[in-house]
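I have a structure I would like to understand better, so I am pasting it below and will then ask my questions one at a time.
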């Protein structure tokens with residue numbers, strides 16, 4: 001079988017050894033798997049950046065709250081909610097159990113028990129649930145120190161244990177386990193990093209990729 005493989009490759013170029021041929025097949029398979037997975041990853045990250053943009057507009061005149069008190073140098077807002085429509089007229093909503101705004105540094109905002117429904121790319125909607133988010137409007141950075149989930153209307157589900165998002169720099173990094181599941185594929189890694197507004201996506205540490213063979217066949221057609 002190995003001789004047949006080498007002869008077939010020799011038709012279009014120098015003959016490969018069975019080992020090189022096997023490596024080439026594995027590389028080709030990885031490329032096909034990534035073509036299926038990476039677009040979904042990009043949409044997930046885009047949804048998170050939309051949520052940061054919404055939090056950035058968190059101003060008193062834009063939100064509704066049940067009550068507001070002052071505790072330990074912070075304005076504590078109970079059940080704050082923010083809603084509206086984006087430039088395409090699609091509704092969005094973001095709410096939390098509490099919002100804490102520092103009196104001395106009002107650009108520092110902490111949201112607890114976050115739930116958001118936000119429009120994403122290609123007509124998708126994203127549901128985001130997070131235990132806590134710390135946003136600095138000066139640096140436009142969002143820290144998510146506890147687990148959070150992003151569920152897209154096309155069935156893609158993403159789970160992160162923590163993450164740091166830099167809206168200005170167009171970057172995101174998670175140093176803990178990241179899991180992204182689709183109907184026909186999934187990827188798990190101990191570290192995920194995005195740079196250059198999604199132009200660079202890196203998975204590191206015990207990376208596991210599973211793809212339904214049917215999807216790979218469709219990609220080849």
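How would you order 175-184, 42-51 from highest to lowest mean count of nearby Cβ atoms within 10 Å? Write down the numbers at each step before the final one.
Working: 175-184: 17.7, 42-51: 21.4.
The peptides rank, most packed first, as 42-51, 175-184.
Want the number for residue 138 to residue 83: 0.36 nm per residue separation, take away the alpha-carbon distance, what's left? Display every interim value, and only then the final one.
Values: separation 55, 0.36 × 55 = 19.80 nm, distance 2.23 nm.
This chain segment gains 17.6 nm when fully extended.
What full-extension length gain, to one decimal in nm, is calculated for residue 149 and residue 104 as 0.36 nm per residue of separation minus the Cα-Cα distance?
Numbers: separation 45, 0.36 × 45 = 16.20 nm, distance 3.15 nm.
Going from the current span to full extension adds 13.0 nm.
Now for a different question. Using a 7 Å offset from Cα along Cα-Cβ at residue 129, what residues in the stretch 83-107 end up with backbone N under 15 Å from the label point?
95-97
Rounded to the nearest 0.05, what FRET efficiency do residue 90 and residue 67 give with R0 = 30 Å and r taken as the Cβ-Cβ distance? Could you check?
Values: r = 30 Å, r/R0 = 1.01.
The value I calculate is 0.50.
A short reminder: the numbers here are calculations on the coordinates, not readings from a lab. Computed from a predicted model, the values in this text were never measured in an experiment. All Cβ positions, even for glycine, are placed from backbone atoms using ideal geometry, and neighbour counts span all protein chains on display.
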